[in-house]
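The structure appears below as structure tokens.
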Amino acid sequence: MTGKGFEVVPQALRRTQAAFVDSARRHLELCGEDLPGFKMNEQDLGLLGHLAGIVPEYNAAVDQIVHKAAASCDSLDAAAHSLDTAAKAYEAQDEEYYKKFGWLAGKVDEGGVYQPDNKGGN
């Protein structure tokens with residue numbers, strides 16, 4: 001497909017990154033605050049529940065859910081980091097392009113990154 005490409009919008013990568021960071025934060029809250037409260041004490045189901053061994057099995061299932069949610073948090077953090085890396089690369093490319101054509105006057109933020117307006121092109 002010569003002459004045809006794709007366009008990457010760093011701001012869209014940043015919005016997606018923010019969603020991944022938020023999701024990772026929510027997973028962390030789930031693991032640290034919410035799920036541990038679902039565990040049962042040995043006597044919560046009475047004598048029959050104790051004799052049947054339900055509570056340890058149930059608590060083991062809760063532990064497994066915590067472990068999987070924590071692993072999801074790690075994956076979401078890694079994806080957010082990758083999105084950040086990609087956004088930085090495309091922002092740097094855009095900045096070089098805009099410098100080349102003299103479009104950067106007054107449009108660089110305090111971090112030194114080009115911030116386009118919402119009108120496009122300028």
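The values are calculated or read from the model by the stated rules, or taken from the named source; none is laboratory data. Everything quoted here is computed from the prediction, not taken from an experiment. Note that each Cβ is placed from the backbone with ideal geometry, even for glycine, and that neighbours are counted across all protein chains shown.
Just one of the listed residues (ALA52, ALA70, ALA80) is more than 18 Å from ARG25 (Cβ to Cβ), out of contact with any Pro (no Cβ under 8 Å at 6 or more places or on another chain) and of a type outside the set (Asp, Glu), namely ALA52. Starting from the stretch 28-44, take each residue that is closer than 12 Å to ALA60 by Cα and list its partners that are among the polar types (S, T, N, Q) and in a helix (DSSP H, G or I), counting only C-beta distances under 6 angstrom and pairs at least six apart or across chains. Here the result reads LYS39/ASN59, each pair linking the stretch 28-44 to a residue that is among the polar types (S, T, N, Q) and in a helix (DSSP H, G or I).
The residue list LYS119, LYS88, LYS107 contains one member that is exposed (fewer than 11 other Cβ atoms within 10 Å of the Cβ) and either at pLDDT 95 or above or farther than 30 Å from GLU33 by Cα (or both), which is LYS119. The residue pairs whose first member lies in the stretch 57-70 and is part of a helix (DSSP H, G or I), whose second member is not aliphatic (A, V, I, L, M), and whose beta carbons are closer than 6 Å, counting only pairs six or more residues apart or on different chains, are ASN59/LYS39; VAL62/PHE38; VAL62/LYS39; VAL66/CYS31; ALA69/HIS27; ALA69/CYS31; ALA70/CYS31.
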